[in-house]
Amino acid sequence: MNERIDVESAIQWWQRAVIYQVYPRSFADSNGDGVGDLAGITSHLDYLAWLGIDAIWISPIFPSPMADFGYDVANYVDVDPLFGSLADLDRLLAEAHARGIRVLLDFVPNHTSDQHPWFLESRSSRDSAHRDWYVWRDPRPGGSPPTNWLSNFGGPAWTWDEETQQYYYHAFLPQQPDLNWRNPEVRTALEGVLRFWLDRGVDGFRVDVIWQLVKDAEFRDNPPNPAYGPALAPHHRLVSLYNADRPEVHEVIRGLRAVLDEYPERVMLGEIDLPIERLMSYYGESGGGVHLPLNFLLLITPWDPARIDEAIRRYEAALPAYGWPNWVLSNHDTPRVATRSGDAQARVAAMLLLTLRGTPTVYYGDELGMRDVPVPPDRERDPFGLRLPGQGFGRDPQRTPMQWSTATNAGFSDVEPWLPLDTEYATRNVEVERDDGDSMLRLYRRLIELRRTPALAVGSLECLPQDGDVVSYIRRGADASFLVALNMGETDRQVTLPEGCHGGVVVISTHLDRQELVSTRFTLRANEGLLIEVTD
């Protein structure tokens, strides 16, 4: 256990990186229309550089009717005027790269908008050259849909087209028809889209619902889900056995990866909402698949020390030898961590995210402790919530505007933003927290700075026995060893250094108020995390 790990020479930039997700509608509005845009992101790159961010992932910015806020793409090789222009994106890339910040785009290859020229042509006739670019099927006898597959946004996943007398498949909204990735022409076209953006200098992609790209060739019905309950969205009534995670999808992913491999130092993140055991297959054989199949365990695991500890161990144990880990604490589809864990534990969660082995992803505003904002029914915008009203599935609360300052509209915009602001934004914003040495923002910045230490960036991880409310582990590298001890409870705990550790120094507390020597035993206060450099 005391072996020093030296893997510096083999490490890629994205293995060391802290990635920051920007939801562009909500980051910064530069032109006074109440919606964030590319120029707004560019104007805050100095902030992201100060915070220590290595790469930003920008949710979709392509031309779109905005039925699902950009995840319904009408043109893959342009920028929606709502967000700016190609020139604005080129400037963002140049300014970000000048600051050492990489830029990843959100690539949405599973489906297009129903207003995309490809689908308009496909829908025009059964004889259209683009007909087989989408998933069309005859009805069953009696006229019902071809399968029992359900839309992720509620209702059936098939919509009848009166003109051509067939159904088309859509995993999400009817306005988002799925592409047919069994068609080689579709693969060639979408691989060309990747090259378009890579040639412009984009550093990689987060690929939306990549595990759903290929559907069952026999179009078999999905079986019932025995684990379904009222807390789950309606589409979970069935197990998505035949409309997602098909074996053939890995061939498609190898093709996408091959395109990225034509360009130096590019990375592919994959959105893959599957059990951990299935997630691992998306690294591909010998690492030839997705560089980082996104790991959502911290999103779905209750904030309970035993459950968190078990999740870390299970994930680490499942990783193939060539698989680099990653962790996601919040994103645009799930409640924010401060809402799930509470304000005090959100600081502990920050230390967890930024000291675990692997690439962390920070969701915009989490570094401020931003929480979900209640959105009244007349302000709801998310199609998921609007299709299932009153059931708590709407994602607007975690997509509210970034809180920059005490100014009107939190410095996000000169006009009323597209979604409401937190009523407490005057005390929870960048301007205030940057000047407060004990703030959540200052904690994130210091943790990101400490993560540059090779032991924390790329060192090994050893999980220690979970003890009551305390989760702890050791990170080891060629330079140093660190003990991370996290108290997920409301009472102080006495903790003993693990065997083999001969004392140490508290480098940082999540309370940002202590640096002291540690011998064999120390106090871990309620809701506190400690990073201790140990001698072993």
Looking for something loosely packed, with under 15 Cβ neighbours inside 10 Å, closer than 29 Å to residue 439 by Cα, touching a strand residue (DSSP E or B) at 6+ places or on another chain (Cβ under 9 Å) and modelled with pLDDT of 95 or more - is there at least one such residue anywhere in segment 59-79? no
Output the number of residues of segment 24-43 satisfying the condition of being surrounded by 17 or more Cβ atoms within 10 Å (Cβ to Cβ) and either part of a loop (DSSP other than H, G, I, E, B) or not assigned by TED's automatic domain parsing to the domain that holds residue 265 (or both). 8
Residues in segment 186-241 that are farther than 16 Å from residue 151 by Cα, without any contact (Cβ under 8 Å) to a residue 60 or more places away in the chain and in contact with a helix residue (DSSP H, G or I) (Cβ under 7 Å, 6 or more places away or on another chain) total 1
Do we find that residue 290 is assigned to a helix (DSSP H, G or I), at negative phi and either in the same structural domain as residue 196 (by TED's automatic domain parsing) or not basic (Lys, Arg) (or both) in this structure? no
Exclusive hit being surrounded by 18 or more Cβ atoms within 10 Å (Cβ to Cβ) and among the aliphatic types (A, V, I, L, M), set 120, 105: 105
Of the residues that make up segment 500-519, is at least one of a type in the set (Val, Ile, Thr), assigned to a loop (DSSP other than H, G, I, E, B) and at pLDDT below 95? no
Selected residue (only one of 477, 489, 468, 500 is touching a helix residue (DSSP H, G or I) at 6+ places or on another chain (Cβ under 6 Å) and in contact (Cβ under 8 Å) with a residue 40 or more places away in the chain): 477
Set 482, 522: member being buried (at least 16 other Cβ atoms within 10 Å of the Cβ), touching a residue at least 60 places away in the same chain (Cβ under 8 Å) and assigned to a strand (DSSP E or B): 482
If I filter segment 217-224 for residues that are under 24 Å from the mean Cα position of the chain (by Cα), hydrophobic (A, V, I, L, M, F, W, C) and in a loop (DSSP other than H, G, I, E, B), do I get at least one hit? no
Note on segment 342-358: residues assigned to a helix (DSSP H, G or I) and hydrophobic (A, V, I, L, M, F, W, C) are 344, 346, 348, 349, 350, 351, 352, 353, 354
Test for residue 361: is it surrounded by 19 or more Cβ atoms within 10 Å (Cβ to Cβ), polar (S, T, N, Q) and not in a helix (DSSP H, G or I): yes
Test result for residue 416, in contact with a helix residue (DSSP H, G or I) (Cβ under 8 Å, 6 or more places away or on another chain) and crowded, with 17+ Cβ neighbours inside 10 Å: no
If the requirement is being over 11 Å from residue 83 (Cβ atoms) and at pLDDT 95 or above, which of these qualifies: 30, 43? 43
Among the residues of segment 313-341, which ones are assigned to a helix (DSSP H, G or I) and either among the acidic types (Asp, Glu) or more than 24 Å from residue 445 (Cβ to Cβ) (or both)? 313, 314, 315, 316, 317, 318
Within segment 92-133, restricting attention to residues that are polar (S, T, N, Q) and in a helix (DSSP H, G or I), which residue is farthest from residue 52 (Cα to Cα)? 124
Return the residues of segment 480-510 that are polar (S, T, N, Q) and under 22 Å from residue 450 (Cα atoms); say none if nothing qualifies. 481, 487, 509, 510
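Residues 338, 344, 317: which one is out of contact with any His (no Cβ under 8 Å at 6 or more places or on another chain), surrounded by 23 or more Cβ atoms within 10 Å (Cβ to Cβ) and at pLDDT 95 or above?
Testing whether each residue is out of contact with any His (no Cβ under 8 Å at 6 or more places or on another chain), surrounded by 23 or more Cβ atoms within 10 Å (Cβ to Cβ) and at pLDDT 95 or above leaves just 338.
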All positions within segment 417-454 that are in contact (Cβ under 8 Å) with a residue 60 or more places away in the chain, among the aliphatic types (A, V, I, L, M) and outside any loop (DSSP other than H, G, I, E, B): 430, 440, 441, 443, 447, 448, 450
Take the residues in segment 45-58 that are part of a loop (DSSP other than H, G, I, E, B) and touching a residue at least 60 places away in the same chain (Cβ under 8 Å), then tell me which one is surrounded by the fewest Cβ atoms within 10 Å (Cβ to Cβ). 52
Since residue 258 meets every condition but one in (1) outside any loop (DSSP other than H, G, I, E, B); (2) buried (at least 18 other Cβ atoms within 10 Å of the Cβ), which condition does it not meet? (2)
Only one of these conditions is not met by residue 391: (1) crowded, with 21+ Cβ neighbours inside 10 Å; (2) over 17 Å from the mean Cα position of the chain (by Cα); (3) outside any helix (DSSP H, G or I). Which number is it? (1)
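The values are calculated or read from the model by the stated rules, or taken from the named source; none is laboratory data. This structure is a prediction, so every number in the text was calculated from the model and none was measured. We place every Cβ from the backbone using ideal geometry, glycine too, and count neighbours over all the protein chains shown.
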